[in-house]
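Below: the structure, in structure tokens.
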Amino acid sequence: MSALLPATLPLPDFAQLTPDTLKQSVLDALGVATALLDEAERPDAAANLIERLELAENQLQQCFAVLSNLNAVRNTPELRDTYNGLLPELSRFYTAQGQHQALYQRFVDAHDAPSFAQLPTARQEAIRLALRDFRLSGVALAGEQKARYAAISERLSQLSSQFSDHLLDATQAYTHPLSPQDLAGLPDSSVAMFAQLGQQRGVDQPVATLDGPSYLAILTHADSRELREALYRAYTTRAAEFGPAEQDNGPLMVEILALRAEMAQLLGFHNYAEQSLASKMAPDVDEVIRFLADLAAQAKAPAERDLAALREEGQAYGIDDLKPWDTAYLAEKLKQRRYQLSQESLKPYFPAPVVIDGLFAIAKRLYGIDIQARATSVWHDDVRYYEISEHGQVLGGFYFDLYARSDKRGGAWMSGYRSRLTTPDGLQCPVAFMVGNFAPPVGDQPAQLTHDELVTLFHEFGHGLHHLLTEIDVLPVAGIHGVAWDAVELPSQFMEFWTWEPEALALVSRHVQHQAPLPNDLLNAMLAARHFQSGMQALRQLEFSLFDLAIHRAQPAPDLAGIQQILNDLRSRYAVLPTPADNRFQNSFSHIFAGGYAAGYYSYKWAEVLASDAFDRFEQDGIFNAQTGQAFRREVLAVGGSRPAQDSFAAFRGRPPAIEALLRHQGWVDSSNLGANA
């Protein structure tokens, strides 16, 4: 194997970074940006103040992005303290900026000037969005209200970080030694993974943890019902009142909801859900709830059929009182019996190196881009860095950090490190972090992905392409910046469709040992099982979305008992399988309490309509039709937030979005008779 060429873009030297140097870089950038806010107060402030502030924010975002990424993927007490210590200062800066009357007036003047119409479209949209965000940041507040808004913003940033810390600590604190009897039913790859986890913890026997790959392996394959229940209860009670008080997220949720409600009222909204939707694509909360409820009605009958099939399967295993810790296990058994298919039988055909090469080949066929691994400093030996180019011109770069570790936050995500921007030194190319928590390599074997993990990788890569293939160089609307939050999942969910297409699967699959392609019997079984349990899965996501809106719409903001009651009421209406009384899913709902999805979790389903309808055009034109790929790149990926999301979708599709493709892709309706079950 030839040595990698060095990276061409300027990148951090992670080997030299320390919590102190990271902190100082953020403080230095914050000082420059704060000085520009002070300058805005002066009558003689320079005419290019907005552009200079944009450059200062660009530097601040990059410095903090490195720290934020390391805090998530290489969490140490020192990094955590540094990160949490900077949050109040950053919150104060952004609150001061959002409420800065003189700066706000500059944007008003720019918008109202006769020259506004002559500005580039991206700059016009950036100014419009800035004016909206000023209003949503309380620029019209004064006196005590202004101070209260600032205090709420600062406290919310601290609470969200604490929520994430508590969940990570609770997850990492749990280990379950596995006896030989516990290993019954587990595939060899999982047994090897548990043995490796034990070795890493200095234990002489296999160990299960609550990290995603470990937890899912137990719930899916372990014959021991007692073991499955133990892991399920440990997982669903993380960061709750049953564990150490210092890890309990209950009080944090109550305070977060109360502060969000108070903030919304300060800004003139009835509730936080209404405030959240003020910057989204959906018209209002009632419309979103109707959309979710209608979709839940579509999913209910398929979900009940799914459950009935699991109950019937359970009889063969002596399970006549189906519980949540049985569903994944029985679903796997049913899938094996019905389709002669299991996740384990597919894994050897998806070794990570083959998957990654195939993913890049798909991106080239769709968008004409080349992706090449490059040598640079990274924060862990498993991390890889790549650069995207076209016609020899580098467009951007990204890091892949794909495997679960003990010091790493769970889940999968894409975050921007650097955005596309025209600077005095030339064009700044975008760079992204793409993170997963897949089962790591075991021994000398490469990591082998389940099909679910394959879908997740494509999803996050779709987010990455949205960030990296932008052609907008105005920071507030470049890449994913400025994109309505309920449309930001369009490019990611859109990419998932290629994980179900035989022509694409041929590019990402090859047996880890004998290099054979995915055989037709497995391929056909996988495609036949595509909609397996889709009703229950969709209903679960819809329950989460409705819960998110309900707790952010409730007046007054609910206390701990109120949060649980809202969730219980929704479950009684929508869930087809009862949930144990001690399940505290909400205590680990990071998307809404520690992420950007508060009163916006519905975005996944809202954007799924867009993604399905967008892919429908590829189904008509050919999944690798280069012209259609370029059209999606040009009208969706390239424009970022420089125009409203609905306009970008309509520019690609030639019309507003329609739901029929989603219902068909879920397998809930016959494509030849959509109206019958709609």
Antiparallel DSSP beta bridges within the chain, percent to nearest 5: 75 percent
Residue list for region 522-560, given a label point 7 angstrom along the Cα-to-Cβ vector of residue 151 and an amide N cut-off under 19 Å: 557
Where 218, 566 fall by accessible area, highest first, once all protein chains stay in place (1.4 Å): 566, 218
Options 499, 446, 424, ranked by Cα towards positive dipole end of region 424-504, top entry (Cβ charges): 424
Within region 1-123: Cβ-based charge dipole about Cα centre, in debye rounded to nearest 20 (Lys, Arg +1; Asp, Glu -1): 320 debye
Distance between modelled label sites at residue 297 and residue 18, nm, 7 Å Cα→Cβ extension: 6.3 nm
Within-13-Å neighbourhood charge of residue 271 [Cβ basis; K, R +1; D, E -1]: -3
Calculated [θ] (222 nm, deg cm²/dmol) that DSSP helices of n ≥ 4 give over the chain, each run adding -39,500 (n - 2.57): -18000 deg cm²/dmol
Accessible carbon and sulfur surface of the chain relative to its total accessible area, %, 1.4 Å: 51 percent
Whichever lysines have a C-alpha closer than 20 Å to that of residue 333, once near sequence neighbours (fewer than 8 apart) are set aside: 323, 347
Residue 263 - accessible surface, heavy atoms, 1.4 Å probe, Å² rounded to 10: 20 Å²
For region 247-365: accessible area per residue (Å², 1.4 Å): 40 Å²
Computed FRET value (nearest 0.05) for residue 284 with residue 427, which takes r as the C-beta separation and R₀ as 45 Å: 0.70
Region 23-38 residues near the modelled residue 89 label - backbone nitrogen below 14 Å, point 7 Å along Cα→Cβ: 23-35
Shape category assigned to region 467-515 from the gyration tensor of Cα positions, a/c cut at 1.5: prolate
Equivalent-ellipsoid semi-axes of region 527-649, from the Cα gyration tensor, Å, largest first: 35, 20, 10
Equivalent-ellipsoid semi-axes of region 377-472, from the Cα gyration tensor, Å, largest first: 28, 14, 13
Nearest-0.05 FRET efficiency for residue 471 and residue 101, computed from C-beta distance (R0 41 Å): 0.75
Rg ratio (alpha-carbon, reference 2.2 N^0.38 Å) - region 16-157: 1.16
Charged-residue dipole, Cβ positions (Lys, Arg, Asp, Glu), the chain about Cα centre, Debye nearest 20: 640 debye
Highest average packing first - 493-499, 300-306, Cβ atoms within 10 Å: 493-499, 300-306
Residue 188/residue 646 FRET efficiency (R0 60 Å; Cβ-Cβ; nearest 0.05): 0.75
Unit charges on C-beta of K, R, D, E only; dipole of region 395-481, Debye: 180 debye
Heavy-atom SASA rank of 121, 237 (probe 1.4 Å, accessible area, largest first): 121, 237
Virtual spin-label span in nm between residue 246 and residue 81, 7 Å along Cα→Cβ: 1.3 nm
Most to least accessible of 579, 327 (protein chains only, probe 1.4 Å): 579, 327
Filtered trypsin sites (Lys or Arg not before Pro), region 384-465: DSSP coil and at most 12 other beta carbons within 10 Å: none
Charge sum, other residues only, whose C-beta stays under 14 Å from residue 451's C-beta, Lys/Arg counted +1 and Asp/Glu -1: -3
Computed over region 94-165, Cα set: Rg, Dmax in Å: 15.3, 50
Approximate spin-label separation residue 619-residue 229, in nm, with each point projected 7 Å along Cα-to-Cβ: 4.3 nm
Linear extension gain, residue 391 paired with residue 255, 0.36 nm per residue minus alpha-carbon span: 43.7 nm
Shape of region 209-319, Cα gyration tensor, a/c cut at 1.5: oblate
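The values are calculated or read from the model by the stated rules, or taken from the named source; none is laboratory data. Computed from a predicted model, the values in this text were never measured in an experiment. Cβ coordinates were reconstructed from backbone atoms using ideal geometry, including for glycine residues, and neighbour counts include every protein chain displayed. Surface areas here come from the heavy atoms of the whole protein model, side chains and all, with no ligands, DNA or RNA. Shrake-Rupley method; radii C 1.70, N 1.55, O 1.52, S 1.80 Å.
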